[in-house]
Amino acid sequence: MFAGFNVLVNSKEKFYSYHESSLSIYNKHKRIITDSLEKYINPDGSLSEKDIENDWFPKIDAHVFLSHSHNDLKFVISFAGWLYEKFKIEAFIDSCVWENSDTLLRKIDNRYCVSSRDENGNIKTYGYGLRNKSTSNVHMILYTALMKMMDRTECLMFVNTPSSVKWSDMISEELATESPWIYGELLATKLIRNKSRKAHRDLLHKSFFEHADESYENLAIEYTFDTKHLIDISDYDLEYFEEHADSYRNAFDALDNFYIQNGINLEQGIIND
């Protein structure tokens with residue numbers, strides 16, 4: 001990761017016109033990941049993490065990693081469409097990974113974790129120990145995949161809305177979220193190695209030429225996080241960026257100007273200290 005931003009958008013309406021155009025990219029990424037996850041379930045119900053990584057990492061070339069709340073999915077897809085239509089910046093949306101977690105777990109549990117069935121063969125109960133093992137393994141695999149994708153993308157944008165941060169904490173310096181995925185991603189932005197723009201772009205070119213929820217309705221666990229190490233981005237910043245869209249030669253040129261606009265040293269990026 002070269003740079004990270006805390007996106008604070010109040011006026012969402014203008015972005016929704018880009019929703020349909022972005023759906024094809026979002027669905028393409030989601031299809032690659034879904035196919036890979038189902039293909040690499042081992043006979044014992046575990047996942048082959050290395051095979052998954054080798055299969056879908058080379059097929060997804062993204063400049064930006066978008067972290068968001070499930071409730072903001074429509075807006076985030078629209079925002080990704082705006083980035084692509086205006087600047088040819090392709091975004092990877094994190095829910096492509098964690099949205100698959102429950103579906104994948106259900107398939108594994110139905111195949112490997114059943115402890116009893118009724119007289120018609122319908123599942124009655126699952127083995128507690130087996131379910132714990134399958135859940136922890138799947139979540140760890142998906143979280144690891146998200147961290148590696150964050151490491152591969154040049155820029156992270158956290159879409160910070162009331163859906164991702166608890167209302168009671170909006171007036172507090174200490175923020176909290178009920179999403180373990182958001183918590184994990186924001187924590188990782190402090191730990192992931194800082195890489196130069198050139199290192200990221202060389203990887204993206206090489207990949208181009210060679211070829212990790214909010215579903216726990218009854219259990220609410222709070223995860224404390226902060227965004228002080230991310231640069232705040234407002235509606236004004238995005239509007240200023242858009243005003244100069246016609247002058248950018250390509251996605252990399254657009255990103256460089258966005259970094260300069262927000263005071264980032266192009267040789268240094270954001271140092272995680």
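The values are calculated or read from the model by the stated rules, or taken from the named source; none is laboratory data. For clarity, every value in this text was computed on a predicted model and none was experimentally measured. All Cβ positions, even for glycine, are placed from backbone atoms using ideal geometry, and neighbour counts span all protein chains on display. Heavy atoms of the whole protein, side chains included, go into the accessibility calculation; ligands, DNA and RNA do not. Shrake-Rupley method; radii C 1.70, N 1.55, O 1.52, S 1.80 Å.
Worth pointing out:
- Filter result (open to solvent by 30 Å² or more (accessible area, probe 1.4 Å) and not in a strand (DSSP E or B)) within the stretch 124-140: Tyr128, Gly129, Leu130, Arg131, Asn132, Lys133, Thr135, Ser136, Asn137, His139, Met140
- Selection within the stretch 88-123 - hydrophobic (A, V, I, L, M, F, W, C) and in a helix (DSSP H, G or I): Cys96, Val97, Trp98, Leu104, Leu105, Ile108
- Test: Asp235 is farther than 30 Å from Met140 by Cα, at pLDDT 90 or above and open to solvent by less than 40 Å² (accessible area, probe 1.4 Å): yes
- The set of residues in the stretch 111-135 that are at pLDDT 80 or above and either basic (Lys, Arg) or within 30 Å of Ile60 (Cα to Cα) (or both) comprises Arg111, Arg117, Lys124, Arg131, Lys133, Thr135.
- Looking across the stretch 141-194 at every residue that is among the β-branched types (Val, Ile, Thr) and at pLDDT below 65, the one that is surrounded by the fewest Cβ atoms within 10 Å (Cβ to Cβ) is identified as Ile171.
- Residue list for the stretch 103-122, filter: acidic (Asp, Glu) and exposed (fewer than 13 other Cβ atoms within 10 Å of the Cβ): Asp118, Glu119
- Cβ pairs under 7 Å, 6+ apart, first in the stretch 226-252 and under 20 Å from Ala62 (Cα atoms), second among the charged types (D, E, K, R) and not in a loop (DSSP other than H, G, I, E, B): Glu242/Lys86; Ala245/Lys86; Phe252/Arg201
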